[in-house]
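Worksheet: one structure, shown below.
The values are calculated or read from the model by the stated rules, or taken from the named source; none is laboratory data. Nothing here was measured: the structure is a model prediction, and the numbers come from that model. When we count neighbours, we look across all protein chains shown, and the Cβ atoms used for this are built from the backbone with ideal geometry, even at glycine. Accessible surface is based on the protein model in full, side chains and every heavy atom, while ligands, DNA and RNA are left aside. Shrake-Rupley method; radii C 1.70, N 1.55, O 1.52, S 1.80 Å.
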Amino acid sequence: MQDHPDAAQDSQSPVLATRVGRVGLLTLNRPRQLNALNDALMDRLGADLLALDADDAVGAIVLTGGPKVFAAGADIAAMAEWTYIDVYRSDFITRNWETLRRVRKPVLAAVAGYALGGGCELALACDIVVAAQSARFAVPEIKLAMMPGAGGTQRLPRAIGKAKAMDMCLSGRMLTADEADRYGLVSRVVPDDMLLDETLALATAIAGFSGPALMAIKESVNRAYESSLAEGLLFERRELHARFASKDAHEGMDAFLGKRRPVVVHR
Ligand code: HXC
């Protein structure tokens, strides 16, 4: 592993950034607060994500937490005294949590233990979620008389349907990894001791593919959330047409026909 040059690498940093081959690995690092997501952490995470997104040596990003907790949600201690005017003026959530939405490279969440509230929403905002058997997903904000506010009420119904989303949001129900897998909240479930290796292997495989093609696919899949089927299909078609302008696509097809491995140049 090698340190990512742009990341503050002291062990006190709320996010640890390293690179494993062409994969950027970001680890949430507030273990004593169960990785509660405060502004310092979300600011650091946003800066690290943008640095990795801009780094040509990186093809995919993995976001993980600790072995017992991915993240226990937004930092309740930090929020307890805030007023409406405080959060309105600082543009809470939009200001730093939504940096993740600007990342064009694939982002994979590797989740072990609790992913609660904002932690669950953070995982949901990633492109692929790999869950360890120990992973537990809930949006328990209702127990605080709060509500999900980083996409939970919007991404959950899109991911798992209204029935399951309403159940989770209104009752705070916690899902096991297998339930989350069955409902479509996660992409795959693996044994705990394999979580990081499996996720890094998946990310490494993805990072070996053509970067612009990955971006086009991610953008197209995300468009499915934002548009009618006709609009989404048109968007997909235009992205497909654009592939014919890419060196990698011609090389990929030529290599297939020549029965050789393609040389990807991310162009
Ligand atoms: C701040 C938190 C925290 C949180 C845990 N801690 N979750 N601090 N914000 N979200 C702190 C505890 O206060 C405690 O600090 C330490 O971490 C260990 O937690 P314990 O509760 O003692 O651990 P345990 O008994 O193992 O229980 C684990 C837990 C529980 C089930 C995960 O901590 C829990 O229910 N946490 C809150 C989960 C939650 O409600 N999340 C939603 C937050 S609201 P001390 O100092 O006592 O050791 C939210 C809003 C989203 O996310 C909207 C915008 C994004």
Original post:
In this structure, does Ala245 turn out to be modelled with pLDDT of 95 or more, of a type in the set (A, V, I, L, M, F, W, C) and surrounded by 15 or more Cβ atoms within 10 Å (Cβ to Cβ)?
Top reply: no
Original post:
For Asp167, all conditions in the list (1) more than 15 Å from the ligand (Cβ to nearest atom); (2) among the acidic types (Asp, Glu); (3) touching a helix residue (DSSP H, G or I) at 6+ places or on another chain (Cβ under 6 Å) hold save one; what is the number of the exception?
Top reply: (3)
Original post:
Out of (1) closer than 30 Å to Val263 by Cα; (2) without any contact (Cβ under 8 Å) to a residue 24 or more places away in the chain; (3) hydroxyl-bearing (Ser, Thr, Tyr), the odd one out for Ser227 is which?
Top reply: (1)
Original post:
Taking into account only those residues within segment 20-29 that are of a type outside the set (D, E, K, R) and in a loop (DSSP other than H, G, I, E, B), which is nearest to the ligand (Cβ to nearest atom)?
Top reply: Asn29
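Residue by residue, here is whether (1) surrounded by fewer than 19 Cβ atoms within 10 Å (Cβ to Cβ); (2) in contact with a Lys or Arg (Cβ under 7 Å, 6 or more places away or on another chain) holds:
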{"position": "Val129", "(1), (2)": "no, no"}
{"position": "Ala138", "(1), (2)": "no, yes"}
{"position": "Ala145", "(1), (2)": "yes, no"}
{"position": "Gly152", "(1), (2)": "no, no"}
{"position": "Ala159", "(1), (2)": "yes, no"}
{"position": "Leu195", "(1), (2)": "no, no"}
Subject >> Residue in segment 43-56 that is closer than 23 Å to Arg102 by Cβ, within 13 Å of the ligand (Cβ to nearest atom), open to solvent by 10 Å² or more (accessible area, probe 1.4 Å) and not acidic (Asp, Glu) present >> reply: no
**OP:** Kindly list the number of the only condition in (1) among the charged types (D, E, K, R); (2) open to solvent by less than 70 Å² (accessible area, probe 1.4 Å); (3) within 16 Å of the ligand (Cβ to nearest atom) that fails for Lys218.
**Re:** (3)
Original post:
If you check every pair at least six apart or on different chains, which have Cβ atoms under 7 Å apart with a residue in segment 132-145 that is free of Cβ contacts under 8 Å to residues at least 60 places away in the same chain first and a residue that is polar (S, T, N, Q) and away from the ligand (no atom under 13 Å from the Cβ) second?
Top reply: Arg136/Thr176
Original post:
Out of all the residues in segment 201-209, is one or more closer than 23 Å to Val111 by Cα, buried (at least 17 other Cβ atoms within 10 Å of the Cβ) and of a type in the set (Gly, Ala, Ser)?
Top reply: yes
Original post:
Residue check: is Met174 open to solvent by 70 Å² or more (accessible area, probe 1.4 Å), on the phi < 0 side of the Ramachandran plot and hydrophobic (A, V, I, L, M, F, W, C)?
Top reply: yes
Original post:
Among (1) small (Gly, Ala, Ser); (2) loosely packed, with under 15 Cβ neighbours inside 10 Å; (3) over 30 Å from Arg158 (Cβ atoms), where does Gly252 come up short?
Top reply: (2)
Original post:
Residues in segment 143-161: is at least one away from the ligand (no atom under 12 Å from the Cβ), over 16 Å from the mean Cα position of the chain (by Cα) and of a type in the set (Val, Ile, Thr)?
Top reply: yes
Original post:
Of all residues in segment 103-114, which are more than 10 Å from the ligand (Cβ to nearest atom) and either modelled with pLDDT under 95 or closer than 21 Å to Thr27 by Cβ (or both)?
Top reply: Val103, Lys105, Pro106, Val107, Leu108, Ala109, Ala110, Val111, Ala112
Subject >> Long-range neighbours under 9 Å by Cβ, at least six apart or interchain, first residue open to solvent by 70 Å² or more (accessible area, probe 1.4 Å) within segment 69-94, second near the ligand (Cβ under 7 Å from one of its atoms) >> reply: Ile76/Ala36; Ile76/Gly117; Ile76/Leu144; Ile76/Met146; Ala77/Gln33; Ala77/Ala36
**OP:** Please work out which one of (1) more than 28 Å from Gln133 (Cβ to Cβ); (2) touching a residue at least 40 places away in the same chain (Cβ under 8 Å); (3) within 16 Å of the chain's Cα centre (by Cα) is the condition Arg44 fails and give its number.
**Re:** (2)
